[in-house]
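The values are calculated or read from the model by the stated rules, or taken from the named source; none is laboratory data. Since the structure is predicted, the reported quantities are computational estimates derived from the model, not experimental observations. Heads up, the Cβs are rebuilt from the backbone with ideal geometry, glycines too, and the neighbour counts pull from every protein chain shown.
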Amino acid sequence: MALRIIPRIDHWHPVVHPPTLSPGGLHLWKIPTGGRGGSLGQLWSLLSRQESERAGKLKLDHHRERYVRAHAGLRMILSGYLGAAPEMIGFCYGEAGKSRLAGPCSGLEFNLTTSGDLALVALARGVPIGVDCEQVGDRGDVVAIARRMFSSEQASRIAAADEEERLRRFHIAWTALEAEVKRDGRGLLGRDESAARSVLSVRHCVPASGFIAAVVCERLPPVEDWVTLSLGVD
């Protein structure tokens, strides 16, 4: 995990209808989930009964608002690719909770991640994709976590860094791990580290100040070739 510059995404293009997503390409969407996001009353009506029930069980108002904006936003994004009303889109769920489109979907693959007031949706055509975004901040004893969750080489490099760089290296490794297991839907306990290292492409970016994100797929274009889109007004 050598010291390297992670590219920052500064241009998010607001669109009504998404451009064509071709095989081998990547579309990355940003959804604001805080107070600057969409009207909750309108967005709540887009959710399924299962999503509404889950949102209703969240005790803190800001957690509930973030959930509604993220999941309604996902539906609005997918509707542009599928030509279906957001509230009519159906999902099925794997054992570890990964959502997939139910029924024919022309090979459209997606993954949603949320952190703080930011949500990202990564989309690809014909290949499973995973995305994770984390707000960089104190995680307690990151060296102990690294030794438990990462390879011995990764953990050693994290431990050897100074405090600021240690936190950065930890989040680089953590987002890559989370994106990997979200891609295949097996969860942390079901991941196959040797298989993942041999076939997967991992790329990082800074989607907003204070955040690090990772995208994992069998093949990925360079970050500068990603199509970066925004839902709503920043």
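Taking GLN135, is it farther than 30 Å from HIS11 by Cβ, of a type outside the set (A, V, I, L, M, F, W, C) and at pLDDT 90 or above? Please lay out each step first, then the result.
Numbers: farther than 30 Å from HIS11 by Cβ: no; of a type outside the set (A, V, I, L, M, F, W, C): yes; at pLDDT 90 or above: yes.
Taking the combined requirement at face value, the residue does not satisfy it.
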Among (1) surrounded by 15 or more Cβ atoms within 10 Å (Cβ to Cβ); (2) modelled with pLDDT of 90 or more; (3) under 24 Å from HIS63 (Cβ atoms), LEU231 falls short only on (2)
Just wondering, is there one or more residues in the stretch 4-19 that are surrounded by 12 or more Cβ atoms within 10 Å (Cβ to Cβ) and within 14 Å of LEU123 (Cα to Cα)? yes
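Can you confirm whether GLY140 is surrounded by fewer than 22 Cβ atoms within 10 Å (Cβ to Cβ), under 16 Å from LEU112 (Cβ atoms) and at pLDDT below 95? Walk me through it before giving the result.
On the way: surrounded by fewer than 22 Cβ atoms within 10 Å (Cβ to Cβ): yes; under 16 Å from LEU112 (Cβ atoms): no; at pLDDT below 95: yes.
The answer is no for GLY140.
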If you scan the stretch 121-130, which residues turn out to be of a type in the set (A, V, I, L, M) and in a loop (DSSP other than H, G, I, E, B)? VAL127
All but one of (1) within 16 Å of ILE89 (Cβ to Cβ); (2) free of Cβ contacts under 8 Å to residues at least 12 places away in the same chain; (3) not basic (Lys, Arg) hold for ASP61, so report the exception by its number. (1)
Unmet criterion (only one of (1) exposed (fewer than 11 other Cβ atoms within 10 Å of the Cβ); (2) in contact (Cβ under 8 Å) with a residue 40 or more places away in the chain) for PRO86: (1)
Can you tell me which residue is modelled with the lowest pLDDT among those in the stretch 167-202 that are within 16 Å of SER151 (Cβ to Cβ), touching a helix residue (DSSP H, G or I) at 6+ places or on another chain (Cβ under 8 Å) and surrounded by fewer than 17 Cβ atoms within 10 Å (Cβ to Cβ)? ARG191
Across the stretch 56-112, what is the total count of residues that are over 16 Å from the mean Cα position of the chain (by Cα), within 22 Å of ALA214 (Cβ to Cβ) and at pLDDT 95 or above? 0
Residue set PHE91, PHE110; condition closer than 22 Å to LYS30 by Cβ, of a type outside the set (S, T, N, Q) and surrounded by fewer than 19 Cβ atoms within 10 Å (Cβ to Cβ); output residue PHE91
